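To start, the structure under review is shown below, and the notes come after it.
The values are calculated or read from the model by the stated rules, or taken from the named source; none is laboratory data. Please read these numbers as outputs of a predicted model, since none were measured by experiment. Neighbour counts run over all protein chains shown; Cβ positions are idealised from the backbone, glycine included.
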């Protein structure tokens, strides 16, 4: 294999494919990225056996071929090169990198030892704007469970039908649901995708601008995301996602409209004391005023009054302040609505101007 490409293109490709490299993997070849020169392109592939990412760049290929090279070492070295032409040669399994003033050899592993990347047999697919999916990821994935004995809660539920994609995540204490319009759809599909996969996808989509479209292809046990030069393949989580719609309250007694910036500052201030009591705060409405208080802790206690727009009857409820801050940091917009029912029923949080996002938080005991 022999080719030439730019340092900038090479580094960008490695930065994306490295998201699929697990540095703690005990199988040495999984710490490597597969380089394959074919036609006028250089293809990059990395996998940790949970997800696989492929990417390609246009290059001047002189001899086709393939080899694997340690991803971290290769990326770090390329990062420290100047933005110039880089010549790459594969010689007896090693990768030789030449620039105008340097020559370096990195020991590789034959491409034959790299695990095959599975093919996703299409059972259904959708297309939508990458920027819409990126927004949805930020609004939903943080609600998924991190460490849990129930794997389905460590995933994001995708439900496709009626020209819409619904994304849902829950850790059983909170739940986020986002609805997105899609441009194309085939098949009514329901699946659970690992939250780790969705987080990696979000990082990739952050590099795309404008109106790029992403295609999602789903099979029985795998999903493929394709956008631009990137393809990401992941396994699906087996199991039945909870019937979450039944826990979203149908009736509420009080509605409060908050300025997101103002509420964020209040919660960060009062959280100094609340985090000593499992982030518990109490919201109490009275005559258009919301009192935000904490229980007394070994360091003290806090109380803040907020003037807000309220409708309905006065109410009182205890919530996890960090859960609220997570929503405020991801929901977007200027104002947010809280819909409160009984002390023991979940609180509904949504943007004031949109109806495509719903977040619920389970209350704490007062």
Strands (runs of 3 or more DSSP E) wholly inside the stretch 1-110 containing at least 2 residues that are over 26 Å from residue 235 (Cα atoms)
2-6, 32-38, 60-63, 85-91, 94-98, 103-107
If I filter the stretch 296-317 down to residues being modelled with pLDDT of 85 or more and in a loop (DSSP other than H, G, I, E, B), which single residue comes out as surrounded by the fewest Cβ atoms within 10 Å (Cβ to Cβ)?
313
Checked 57, 53 against criteria (more than 22 Å from residue 93 (Cβ to Cβ), surrounded by 22 or more Cβ atoms within 10 Å (Cβ to Cβ) and in contact (Cβ under 8 Å) with a residue 60 or more places away in the chain); the one match is 53
On the given criteria, is residue 137 farther than 30 Å from residue 163 by Cβ, in contact with a helix residue (DSSP H, G or I) (Cβ under 9 Å, 6 or more places away or on another chain) and either crowded, with 19+ Cβ neighbours inside 10 Å or at pLDDT 95 or above (or both)?
no
Of the candidates 215, 184, the one satisfying the condition of being outside the structural domain of residue 279 (by TED's automatic domain parsing), at pLDDT below 95 and surrounded by fewer than 22 Cβ atoms within 10 Å (Cβ to Cβ) is 184
Residue check, residue 199 against (1) in contact with a strand residue (DSSP E or B) (Cβ under 8 Å, 6 or more places away or on another chain); (2) not in a strand (DSSP E or B), all met but one. Which one?
(1)
Mind telling me which of the residues 130, 20 ends up being touching a helix residue (DSSP H, G or I) at 6+ places or on another chain (Cβ under 8 Å), touching a residue at least 60 places away in the same chain (Cβ under 8 Å) and in the same structural domain as residue 199 (by TED's automatic domain parsing)?
130
For the stretch 88-109, name all the residues that are within 18 Å of residue 41 (Cα to Cα) and within 35 Å of the chain's Cα centre (by Cα).
88, 95, 97
Out of all the residues in the stretch 75-106, which are more than 19 Å from residue 38 (Cβ to Cβ) and in contact with a helix residue (DSSP H, G or I) (Cβ under 9 Å, 6 or more places away or on another chain)?
75, 78, 79, 81, 82, 83, 84, 85, 97, 99, 104, 106
Suppose the filter is farther than 19 Å from residue 16 by Cβ, surrounded by 16 or more Cβ atoms within 10 Å (Cβ to Cβ) and touching a residue at least 40 places away in the same chain (Cβ under 8 Å); does residue 111 pass it?
yes
Could you say which residue among 343, 307 is free of Cβ contacts under 8 Å to residues at least 24 places away in the same chain and in the same structural domain as residue 270 (by TED's automatic domain parsing)?
307
